[in-house]
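Values quoted throughout were computed directly from the atomic coordinates according to the rules given, and no laboratory measurement underlies them. Computed from a prediction, not measured in an experiment: that's the story for all the values here. Using ideal geometry, Cβ is built from the backbone for each residue, glycine included, and neighbour counts are taken over all protein chains shown.
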Amino acid sequence: MVESWLLELMTAYNEESYSGREAYTAQVHIPGKVFENLVWWALQSLPDEILVGLDIDADAPHVAEVDARFSGTESTPNLFQGQGYTIKEAHIVNRGDSYSVHHLPEDWTDDMFSTSRGSRAGRFTHWLHTHPNAPAIPSGADADAAQETLGIDMILGLRFSPEGPLPWFDDVEGQRRRVGKEAVVEPTKTRRRSFFERQKLPVLGVAPSGHKIHEIQLIAFHKNGLGINVLMVDEQGYPYGWEAFDNQATNAA
Ligand SMILES: [Zn+2]
């Protein structure tokens, strides 16, 4: 089972995916359980970033009515490999800083996946990497790495505490997508505030690693630079909050 606070966030994220669907050229569906694992792994791997390979489930095409409901008028079919299929599983492939995380020694990945992945070691459909205490906005190195990707690239940005050696770094321009609301320091009533009170951020939830999570961001993009809409889906392939989207559509009709 996915943690309930994360379920709420994913539902809110899906609402934005729905209301913003015209801004995207294609969509990708990721199971909530997979997304939850990604968040835990990101925090367990600190202070490193992690690179995660994502496989699609060839037996699990997107639920047709969901795909149709979330498609914008400018949707492009056959834009990337695995399009139209739900993400199945995730594997951590590398860890390191924002540059080294993208560079895979070929023999190392062969060894790591030789039993489970055979000669296709390292050749995942989609890739995701993490931005610990930084927004989910691609750097130049990220855009370069994406040119090798057959599917799409995703970035998971997390704001958490304790920060360790990674204070929140927000000096980045670009389009961001929050899973839930922006973490804003709560105003306090007293005028004299201590340093710690000034730093007080709302806590969305606590990870198994003990980190308090203040903000989660997730974006997906194709190597041509176009944004891909992400839906967080349950085990039946329906987005969390689906009934609400269904009602909205019925009311509008
Ligand atoms: Zn990056």
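Here are a few things to note about the model shown:
- Rounded to the nearest whole Hz, the Karplus-based 3J(HN,Hα) values (6.51 cos²θ - 1.76 cosθ + 1.60, θ = phi - 60°) of the stretch 134-145 follow the sequence 8, x, 7, 10, x, 8, x, 5, 5, 5, 4, 4, with x at glycine and proline.
- Spatially close lysines, pair count over the stretch 4-246: Cα under 22 Å, gap of eight or more or interchain: 8
- Karplus (6.51, -1.76, 1.60) ³J(HN,Hα), θ = phi - 60°, over the stretch 146-154, in Hz, Gly and Pro reported as x: 5, 5, 8, 7, 7, x, 10, 10, 10
- Sorted by Cβ neighbour density within 10 Å, fewest at the top, the residues 154, 10, 1: 1, 154, 10
- Translational diffusion coefficient of the stretch 4-246 (Stokes-Einstein, Kirkwood radius from Cα pairs, 20 °C, 1.002 mPa s): 115 µm²/s.
- For peptides 81-90, 49-58, 142-151, sequence by mean Cβ density within 10 Å, most packed first: 49-58, 81-90, 142-151
- Cβ-derived FRET efficiency at R0 22 Å, residue 186 paired with residue 206, nearest 0.05: 0.80
- Distance (nanometres) between label positions extended 7 Å along Cα→Cβ at residue 172 and residue 89: 2.9 nm
- Order of 41, 5, 127 - criterion: other Cβ atoms within 10 Å of each residue's Cβ, fewest first: 5, 41, 127
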